[in-house]
Structure formats: structure tokens, C-alpha cells
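Chemist: The following block contains the structure, expressed as C-alpha cells.
The values are calculated or read from the model by the stated rules, or taken from the named source; none is laboratory data. Computed from a prediction, not measured in an experiment: that's the story for all the values here. Quick reminder, even Gly has a Cβ in these numbers, built from the backbone with ideal geometry, and neighbours come from all protein chains shown. Only protein heavy atoms, including side chains, enter the accessible area calculation; ligands, DNA and RNA are left aside. Shrake-Rupley method; radii C 1.70, N 1.55, O 1.52, S 1.80 Å.
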Amino acid sequence: MASTPNGLARIETHGAKTKKHENGICHDDSSAPVRAQTIDELHSLQRKRSAPTTPIKDGASSPFAAALSEEERQRQQLQSISASLASLTRETGPKVVRGDPARKGEAAAKGAPSPHPQPVHHHHPHVTPTIAVSDSSLKFTHVLYNLSPAELYEQAIKYEKGSFITSTGALATLSGAKTGRSPRDKRIVKDEASAQELWWGKGSPNIEMDEHTFLTNRERAVDYLNSLDKVFVNDQFLNWDTENRIKVRIISARAYHSLFMHNMCIRPTEEELEEFGTPDFTIYNAGQFPCNRYTHYMTSSTSVDINLARREMVILGTQYAGEMKKGLFGVMHYLMPRRGILSLHSGCNMGKQGDVALFFGLSGTGKTTLSTDHNRLLIGDDEHCWSDTGVSNIEGGCYAKCIDLSQEKEPDICNAIKFGTVLENVVFDEHTREVDYTDKSVTENTRAAYPIEYIPNAKIPCVGPHPKNVILLACDAFGVLPPVSKLNLPQTMYHFISGYTALVNNFCSEAESPALPSYHLDDVAGTEDGIKEPQATFSACFGAAFIMLHPTKYAAMLAEKMQKYGATGWLVNTGWSGGRYLLLSTVTASTPLHIYLWHELTLNSLFRYGVGKRIRLPYTRKIIDAIHSGELLTANYKKTEVFGLEIPTEIDGVPSEILDPINTVSSVASRISSCHFCYTCKKCRV
């Protein structure tokens, strides 16, 4: 062992016998040194660049051929994005470059050239500019293009206040002041074509605006997005039917919005992304920036505007992500019927024998709960198309309500809330990050958005044959409707156009409603901003807020397809049994007006919410199982006197006494018999 100058023995490390140390310095050479000179360079080595998938043409053998192909592809993508972000009052689009501006130092550490010398912009030769130069035209807009969930997590956690990772790995975020849709602030451009095609006037959800006002709001949104250092761009698809899918581009300012749409739209493969080209529809989400209240047609600082001719949507003054989802759904309600395809606000699943069932219903009536069945394949939970080849899901994800969610009642949805899922407006423990799904401190309309493949029995691709059963769901808070009724075709059309539901949240205690965790307020209370109290709702086609054409056009298409392919209609009540309005089922058309008014005024004041109990979820599932199996097709039925509904007399696993609402009236009737007014009148006794 050699000695050092101070007389101490030199410590030899591994490999010292084969390699002499320089200058007597001790090196730990047990592993190779890191190939980096700075910490930034070390961090840059941590991320490997994705290999390009564009094939090399003409047998090119140059080592730079693949890189050049990738560079050209990115150039074309940026040119397309610049065109989307272009102002109509300027000669060129904004200067756009790829990448996060915060990582410019890392790029320099890797020796990559700065993106600034070669910006990409789009030229508009046919537009006479009214503004030649603006501050935004002098800067670069960095484009974060189709980021992965992990990258979007980083952006949200770092830059968006209110973003946290929960104990299960989901991203919890806030939608700002708006925790639901704003249907009264939604506008459709009424031009010569849409004036003839769309449903306008009383009862229609379509509120008009003119082209000039739309362009004013578009300019405001585009200017806001171009003023930012970076924007998020998603290029994705709608409709799993590849022959009828729509290419959509979403430009937004928040990672939350980008991840939400990454989950809710169909995610393209690398090969599909390379061939994406020009989108069929574009969303400009500038929701953090308000609209100008003094602009014509504006009634608040929020405006959600759709221009079908330009195939564009502008969002100002609301950060609620559901506006994008439902805005695109409305567009599909316009585009698909023009191709002879019926667009549906429904859930859809398929049995092992290939039998498909559609579940119609407003959100909160059980569409997601009942269509997510571990014994059947899930095609989708909310939006579908029915074409001549069968059914297809419009979306690539699920948007489930979270209020009162539990592992015991909804295991599939709970298990889907993991890394990659967006949790909107939930409350969690500040230390453990465990979510309290019963807490309504922010809103009742708490939501989870996750890719459909997070459901173990999801059918990928999300397509199926023609439906065998069409199930109309209604949550009747008044206890009038039976738990299940078999419908003929005219009755199916009547209830489809009516789209009835009524929910009562304040009186839905666990004691009175021991199940139905996902049957909560959406289109009735909570989802639409400003609605806090429950109320009866009639929503045409079980989605009047989203349809573009007159309801009878969708109903006619549904009737035609049901008749052509032999589907059976069913009305299923997921609401109350024995409620305060139950006695009205005994009122007929010949009942004297004063007796009818007595029922309405006296009984309604005597017997308030809480008289009845909500139909248990296990019973509803048994009913749905009987529909799927064909058991109810051969069951014995009796017909109700007023509505003419056919009610089965017996279903395996369901108490027979609840199948007919009149059977649950006895306890209420006994209370009425002691009423002095009823005792002396005797005309309205049960």
C-alpha cells in the first residue's frame, strides 16, 4: 500500500490496480461519471425524446432523414395551429413555436438551437388588415401540443392555483366561479342557413346572435390566447365510427382544460396525429377572460358562442370544462342528423350475446350508474350515435358525478379515479389528500373525468350492433311513475319527447334513500349554474339543452330505427315510490275541477317531500337485468288507468307491491281518511 505525502496510507478504490490516479487525487470510479457539466444539462438527460413515427420515404438512408421528416411534420402542425389562432384583422397569424417557455434554458443546455429565429406563421392573402401591428404580433406564442397526462399534471401543479394530486393519484382542480354550465349565456350564430335548419323560438335552447358579434368575441378570445406565453392545443376525434368521426382542435389556456379534453375526446395514435391536417371544428377556450358586457347580445360576463358555418366555438367568462364537452355534443346534434345518423344523449352497454341497450336520461337519473355494469361491456356513458351500421360512442371518456360516491356502491367509478383522472371542485383532507365525496362546500356538481379504458369492462373500440332495448330513465320525485313500464312505439316517442325527471336532493337522506349514489342533481339542480333547488323538468329528447333541431326530428329518427331494427321501449323510474303526488294517479279526466284543485292545494301542503322512499338501487338493477335477459318480454302485465302504461305483475328479486304505485298509497290514504275536509266531502277518498 503506497503512502501519501503526509505519511498516511493511501486508500485505493476499486480499479486502482488497473488505472493510475492522476495527481494523486482519489476518484470514486465504481461507476461511470455523469455525462453532464451543469445541473440543467443533467435534467435534460432525464427525458428521452420520443422517436418519430413518420416513415422514411423513397428508401432514404441518410441518418438525418427521420429527423428532417419529423421537423417537416412539426412545421406543418405549427402552421395549422397558427392558422387557427390567426386574427381576422391581421395579415398573418401569430408566431408560434413548440415547447414550454420555462424550458428554454434546458434546450440550450442540450445544445438545441433557439426556436425564435424561425417562427411559423400563417398568411391570409385575402384579408385586408385593419391593424398592421400589435404587441402580441411581436412576441412568440409557445404551443404545448397534445401533452401527455404526466406533462399536464406538471403544468397544472406548477402554474395553476388550486391544483393538487389526491391520495389516489387523480388531479383535483377548481373551475372557478362557475361550477356548472351557463345555458342562458350560450349563443348560436343565426345566419341564412341556420335560420332554416335549427330550432328557434319558444322552448328552444338555441339563443341567437349575429355573425358580427361572434367575430367580436372570437377576436377577444384569440387576442387573449395570443397574449399568453403559452397555450395548450389538443387535436383529437369525436365518434368511434371511423367513417363518421370528426376532427376537433381545442385551444385553451389551462392544463386542467387540456387534460379534461384529453380524457373526454378520442385520443389519436401517433400515426393518426401525423395525418390529422386541418380540424373540422375548433374551440377557443379563453374562459379566464370575460366577454364585453356592452357587446350586443351579451347578458353577463360569460358567453359560449357557436358558429356552425365557421365550425368554431368561443368560450369567454367561464372556466367550467363541461362547456367544451356539451358544446361539442351540440355540434354533433347538428352534424350527424345531416348524415342520417341519430345523435343520442344516452348511455350504452352490450351483453355477452351482443345485445345492446341504450339508456336515455338526464344526468343524475342513473345513466352512468346503470350503463356501467360489470356483467356487460360498456360502450359509453353519455353520448352516442346510431347509424345504419349500429351504435358508436361519441366520446373517449366518462364524466361521472362524484357527490356521495363510495367504493361500496360504485366500485368501477371509484377505481377509475386514479392517475390521469380530473376531479372537479371536490374537497379533500389537506394532509392526506383523501377526497370527501360527501362534502358540498364548493358545489353539489362535483365531477370526475377519466378515459373510458379506465373502466375494466369497456369495449374498445366503443362500437356495437343495433340496440335491442331502449330504456328511458326518469327520477320521479313525486312517486307517480311505476318502477318499470313496457312501452309501445307511440308511448316511447311521447316519453322521449317529454324527457321528464324530477329530483329532490334536500330530502334525500341515507335513511330514506339507502342507495343510488350517482342519482343526483345535474340538469335539474346543480349542473346548470344558478339552480340550487329541485324542480320538475321536461327536457325534450332527454337533452334539450344540447339539441339543435326540433325534437320531433330526433323522435322520428328514433322511431324509424326502433321499428326497423326491432328495439323495445321501456320506462324506468329511478326515483320515489309513495311520494306526496301519488294520489293524483287516481285522478281521471272526468274528475271535477274543484276535487283536482283540492288534491293540488290541500294534499300538497299536508304531505310534503319525504313521505315516500326512493326505489333502492338493487331493485332497479334487478329490473334492468330482467330487461336485458328478456324476462320482461314474457312477463304478465296490467295496464294503468290514466297513462295506459303496462306494468309487470312480478319481477324476480323485486317486491311485487312496489311495481304498481297504487299499492304504496295505503299509508298515505289512512292519513287522508282522518282529514276533516275529506271526511265531510267524501268525494276524493281513495
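Chemist: Sort 253-264, 159-170, 374-385 by the packing proxy (mean of other Cβ within 10 Å over each peptide's residues), most packed first.
Modeler: In descending order of packing, they fall as 253-264, 374-385, 159-170.
Chemist: Note down the nm distance, to one decimal, between modelled labels 7 Å out along Cα→Cβ at Asn663 and at Glu453.
Modeler: Roughly 4.7 nm, to one decimal.
Chemist: Gain in length, Glu641 to Asp210, computed as 0.36 nm per residue apart minus the alpha-carbon separation, to one decimal in nm?
Modeler: 150.2 nm
Chemist: At Thr432 and Ser656, where each label point lies 7 Å from the Cα along Cα→Cβ, what is the point-to-point distance in nanometres?
Modeler: In this crude label model, Thr432 to Ser656 measures out at 4.8 nm.
Chemist: Run the accessible area of segment 232-327 with a 1.4 Å probe and give the carbon-and-sulfur part as a rounded percent.
Modeler: For segment 232-327, the apolar C and S fraction of the accessible surface comes to 44 percent.
Chemist: While we're on this one: Suppose the chain between Leu633 and Ala193 were pulled fully straight at 0.36 nm per residue; how much longer would it get relative to their current alpha carbon spacing?
Modeler: Residue separation times 0.36 nm, minus the Cα-Cα distance, leaves 153.9 nm.
Chemist: Using 0.36 nm per residue, how much length does the chain from Tyr294 to Glu243 gain when fully extended, once their Cα-Cα distance is taken away?
Modeler: So the chain would gain 14.0 nm between Tyr294 and Glu243.
Chemist: Next question. Find the Rg to Rh ratio for segment 384-430, where Rh is the Kirkwood radius over alpha-carbon pairs and Rg uses the same atoms.
Modeler: Over the Cα atoms of segment 384-430, Rg/Rh equals 1.12.
Chemist: Can you tell me how segment 172-464 classifies by the Cα gyration tensor, rounded, prolate or oblate, using a/c under 1.5 as the rounded cut?
Modeler: Note, shape of segment 172-464 comes out oblate.
Chemist: Estimate the FRET efficiency between Asp40 and Glu154 by the formula 1/(1 + (r/R0)^6), using the beta-carbon distance for r and 25 Å for R0, to the nearest 0.05.
Modeler: 0.95
Chemist: Further question on the same structure: Kindly state, to the nearest 0.05, the FRET efficiency for Leu489 paired with Arg310, given R0 = 35 Å and r defined as their beta-carbon distance.
Modeler: Efficiency for this residue pair is about 0.35.
Chemist: At Ser227 and Glu408, where each label point lies 7 Å from the Cα along Cα→Cβ, what is the point-to-point distance in nanometres?
Modeler: Using points 7 Å along Cα→Cβ, the separation is 5.2 nm.
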